[in-house]
Every structure is written in C-alpha cells, then in structure tokens.
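Heads up, the thing below is written out as structure tokens.
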Amino acid sequence: MTDVSVAGDIESRVLSAIDDDAVVELTTALVQAPSENPGGTESAAVAVLEKACREAGFDVEITEVAPGRPNLTATLAGGDGPGLMILGHSDVVPAGPNWTGDPYRVRRDGDLLIGRGTTDMKGGLAAAVGAMKAIARAIADGHAAVSGPVQLVCTVDEEEHGIGVRDFVGRPSRHEFAGCIVAEPTDMQVVRGCRGASYLEIDITGRAAHSGRPKDGRSAIEAAASVIELIRADQRALDEHLDDLLGAGTWNVGTIAGGQGISVVAPTCSLGVDRRLMPDEDVHRIAEVLRSAIRAARIDTDGITVDVRVTMEMPGFATPADHRLVTTAVDAVTDAGVPTSVGGWSAACDGGFVSRDLGIPSIVLGPGDIHSQAHQPDESIDVADLAVAARTYALSALRLLS
C-alpha cells in the first residue's frame, strides 16, 4: 500500500506540472482547425492533436476510418495492469448563424474562450493532453509511476453516425482498461449513466387519386398520422415506468414530408423519428415491435405499405454509483477545487459503445456545459474549467492506476 504522504507528494508534483497556458493554447489551436460535421473535415484538427501528442512523447496511432477522417489514439505507457481511457471526438456541429465574430477564430472575453468546439469538445481533449503530459513528466523525473497505460482516444463522426467509435471498438486492443472517462461537457459533474440515441426512418406508400374522390386513393399522410398515434401511445406506456437515474426512453417525430399537391391524395409520406434508448434497449428490437404494432393496427393494408428502417444507433450505459471509477472521479473533482454531483445525462455519447462493446466501465466528465454552451452561437468555455478538468483527469489517473 502506498504511504499517504508519498501519494500526496506525487499528486502535488503532477498537479504543479500541469501547464494551464498550454491547455488554453491547444484548445485554441484545435478550434482554429475547423472540423464541421456533416462535412467530414476532421483531419486538420486531428493533425493538431497528433502534433501535440507526439511532442509530449506519447505513442500515437492514426487510423483512417473513411477518406480524410482519422481516429487517433495516444498512449502514455505504464505498467502491465489495466489502464485508464479518456475518450473524445474531433468533430463539431456546423457553426450556424448569429455569431458575433468568426466562429473559427478564437476570441477571449475575460476568462472565456469563444469559438465553435471550445466546449464540445476540444477543451476536454486539450485538458486530457495537459493531464497526460504532467503525468509523463513526473514519470520521466522518477517522481511517479502508473500501473497501467493512460490512453486518449479521439474519434471522428460522433455528432452524426459514429463511424469513428464503431471502427475503434471493432479493432483489437493491446491494453485492458479499468475505466473510461468521456471528456464531454458536463460542467464537471460526474455522469455515471446516459441514455442512448437512435434514428428510425419510416417510409409510407399509398395510392394517388383526385381529391374530389379521395376514396379512390390511399392517403400515405393519413397512414402516417396513425403511425404517430402508435408512437404517442408507446410514449405514454414508457412514462409509466421511470428509472431513478435516466427516466425513460423517449420518442420524437422530428421530420415529416409527404404529399404531391393539395388536390391529390398523398401517395407518399416519410417520418424521421428519434428514439432515446435506455441502457438495456436495442433499437432493432424496438423497430420490430413498432412493425408488429403497425400490422396489428392494420395500417399497412388496403394499398398502404410501411417500411421502418434503423439508420443510426448509439447505445446507452449505466455504471454503478459505488464503482471505483465513479467514487474516484468524485474525489478527484472535489480535490481539483470545485463541487460536483453524481447523476445521469439526457444526451448520448460514444461512451455507450465503449461500455457495451468493450465492457469498460464508463463515466462522462468534462469542462463546459452542454446545455448552456454547446451547439450554440458564441460557444465558449471558461479557462478555469479547463484547468479543473486537467487536474481532475490527472488525479483520476494517478488514483485509479496507483
């Protein structure tokens, strides 16, 4: 067992080695390498991250999962035991309108860095690099050791279809991991569970006819309305059984398009549906249940056909409140200087794949706030939050891998 005073001295040395200015500089450089998605433009930002990681002496691997779309893993070597994974993504949502300046030219307003991706989630990536660099320096100086590797994983396409994380979890790893911290913006609250996300496309085909004699046709729009009623009924059923951490799965009909003209019975209609998933739910099973309900309601008869397709799935996850990863993270945030709490998250993230497919216990913990800052005009992050995040990641690694 490590002597408490020795452990405290090691942590102090590592924390003092964190370069807050370098974390800010890397955040700025990452933001100023635009990586909007849709667009498949992550390569410039990954090149910035790769350069920083190689200069820090990490073992860096680049895997192109699609043309111009590279995943990155950067590993700080440790002992042969299980390590700590820190997970992030390089893509950002499009800047959109209503910015007061260039979204890809970082501006500083007091303690705020303003730019697309500062919060979601290039600040989290930079904080992870800053923590790993400080640990590496302490190891090189003989002041610290870790029992397993610390590995930063940066994937592409998190904001759309998750091709980056799907590729990552499908490849064999040389390391085992005791836990994964997803560095998404949680305002440094420890998120031990997330719902997943999924998309379903529902295409309905009917038969056109003159609107003067609508019974000659079969309205795809009316059939779509019946499908929506099935979805609403299922939502009511879901809401009757709420989970204490994550609530319930939810449906949202986000898009609808159909019809040929006002004077024509609609021959087609399409629905774009979002279904948020509980950790034990499978969207393909949900789609099959919906198909069965459509058949039972006889919606797809008498000239109407309904096709239900799953076009995206991001699984949810939940890690027990008393898991060492959770309790260590809570103590690390507190010792880094800010209050925290443990709870669930309404958003989804790549951590669900790591938890489900690799069996690695996962939490979400990062600087910035997803609700008030991410995906908005003049997205920003407080430089103090970056410093707290870097210290939290460093303390978590040292304590988990002691």
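Values in this text are rule-based calculations from the coordinates and carry no lab data. Note that the structure is predicted; figures quoted are calculated from it, not measured. Here Cβ is always computed from backbone atoms with ideal geometry, including for glycine, and neighbour counts include all displayed protein chains.
When shorter helices are ignored and each DSSP H run of at least 4 residues is given -39500 (n - 2.57), the per-residue value for the chain at 222 nm works out to -11000 deg cm²/dmol. Here the range 302-325 and the range 111-172 have alpha carbon centers that stand 26 Å from each other. Basic side chains Lys and Arg get +1 at the Cβ, acidic Asp and Glu get -1 at the Cβ, and with that the dipole of the chain about its Cα centre reaches some 940 debye. Listed peptides 178-184, 301-307, 131-137 appear in the order 178-184, 131-137, 301-307 once ranked by packing, highest mean of other Cβ atoms within 10 Å at the front. If you take the square roots of the eigenvalues of the alpha-carbon gyration tensor of the range 198-313 and sort them as a ≥ b ≥ c, do you get rounded (a/c under 1.5), prolate (a/b over b/c) or oblate? Verdict is prolate for the range 198-313.
First check a/c for the chain, with a ≥ b ≥ c the square roots of the eigenvalues of its C-alpha gyration tensor; if it is under 1.5, answer rounded, and if not, answer prolate when a/b is larger than b/c or oblate otherwise. Prolate, since a/c reaches 1.5 and a/b exceeds b/c.
Among the helices of the chain, those built from whole DSSP H runs whose Cα atoms reach 24 Å or more along their own axis and whose mean Kyte-Doolittle hydropathy is at least -1.0 are 123-140, 220-238, 383-400. In whole angstrom, note down how far apart the Cα centers of the range 16-45 and the range 196-269 are. About 41 Å separates the Cα centre of the range 16-45 from the one of the range 196-269.
A Gaussian network model of the chain, with springs between Cα atoms under 10 Å, assigns the largest mean-square fluctuation among Ala33, Ala257, Ala332 to Ala257.
Place a point 7 Å from the Cα of Asp357 along the Cα-to-Cβ direction; which residues of the range 54-79 have their backbone N under 16 Å from it? Only 63-66, 70-73 fall inside the zone, counting backbone N under 16 Å. Rounded if a/c is under 1.5, else prolate if a/b is larger than b/c, else oblate: which is the range 1-122, with a ≥ b ≥ c the root eigenvalues of its Cα gyration tensor? Oblate, since a/c reaches 1.5 and b/c is not below a/b.
Calculated FRET efficiency, Ser226 to Asp280, Cβ-Cβ distance, R0 = 30 Å: about 0.55 to the nearest 0.05.
Computed over neighbours whose Cβ is under 10 Å from that of Val383, the net charge equals -4, Lys and Arg +1, Asp and Glu -1.
Taking the chain as a Gaussian network of alpha-carbon nodes connected by springs under 10 Å, the highest mean-square fluctuation of the residues Gly196, Gly81, Gly130 belongs to Gly81.
Comparing His284, His161, His375 in a Gaussian network model of the chain, where Cα atoms under 10 Å apart are tied by springs, the biggest mean-square fluctuation is seen for His284.
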